[in-house]
Amino acid sequence: MGVVKIGPWGGEGGRDWDIPAAMPRPHRLEAITVCSSLAVVDAISFAYRDEQGRRHHVGPWGGNGGDPYVVRLEPSELLTEVSGTFAYVGTQPTDAVTSLTLVTSLRRHGPFGDVDGTPFSVPVRDGGSIVGLFGRGWAWDYIGVYVRAS
């Protein structure tokens, strides 16, 4: 099965962040680093494997603030849900992603940031998984996901 983009959720400020067209599409997520402050998700980077098993690193995208939290997935572990909130934050010109929670087939990480705001959730079922992210902003004004079906 192929990989599809779902989303985004949040505001429209800043610049777009996405996997460059010249890079292979993700097949399996290996790690995500979330940098968050008390108010927003500031930056995200991640590592993935493509269909040929080659490792790629993307980011960091977003601002340069926040405390980093690294999520490393086990070889059999899948990211099955990304959820969070977005809201107007006085330091940003539009809505921003204020919190982020990552749920895998084994664990839950987060929430990172401030959980006030409009909630969003992207659960993936039936053996599928989230294999990458895209976004926009000087911090993370919006967020979307790449999903691979089983």
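Determine the pairs where a residue that is more than 12 Å from P119 (Cβ to Cβ), located within the stretch 76-87, has a partner that is of a type outside the set (F, W, Y) and outside any strand (DSSP E or B) with Cβ atoms under 6 Å apart, the partner being 6 or more residues away or on another chain.
E77/S105; E77/L106; L78/S105; T80/S105; T80/V124
Can you tell which of A139, A96 is out of contact with any helix residue (DSSP H, G or I) (no Cβ under 8 Å at 6 or more places or on another chain), modelled with pLDDT under 95 and part of a strand (DSSP E or B)?
After applying the criteria, what remains is A96.
Within the stretch 1-51, how many residues are in a strand (DSSP E or B) and among the small types (G, A, S)?
7
Just to be sure, is P123 farther than 23 Å from H27 by Cα and modelled with pLDDT of 95 or more?
So P123 does not fit the description; no.
I'd like the residue in the stretch 62-89 that is among the small types (G, A, S), over 22 Å from S150 (Cα atoms) and out of contact with any Cys (no Cβ under 6 Å at 6 or more places or on another chain) and, out of all such residues, is surrounded by the fewest Cβ atoms within 10 Å (Cβ to Cβ).
Out of the qualifying residues, it is G65.
Filter the stretch 92-150 down to residues that are closer than 21 Å to G13 by Cβ and of a type in the set (G, A, S) and give me whichever is surrounded by the most Cβ atoms within 10 Å (Cβ to Cβ).
Within the stretch 92-150, the match that is surrounded by the most Cβ atoms within 10 Å (Cβ to Cβ) is A96.
Could you tell me which residue of the stretch 13-35 is surrounded by the fewest Cβ atoms within 10 Å (Cβ to Cβ), considering only residues that are within 23 Å of T118 (Cα to Cα) and more than 16 Å from the chain's Cα centre (by Cα)?
G13
Select, from V145, V131, V115, the only residue that is without any contact (Cβ under 8 Å) to a residue 60 or more places away in the chain and farther than 15 Å from A43 by Cβ.
When all the criteria are applied, what remains is V115.
The values are calculated or read from the model by the stated rules, or taken from the named source; none is laboratory data. Keep in mind that this is a model prediction, so the values were computed, not measured. A quick note on method: Cβ atoms are made from the backbone with ideal geometry, for glycine too, and the neighbour counts reach across all protein chains shown.
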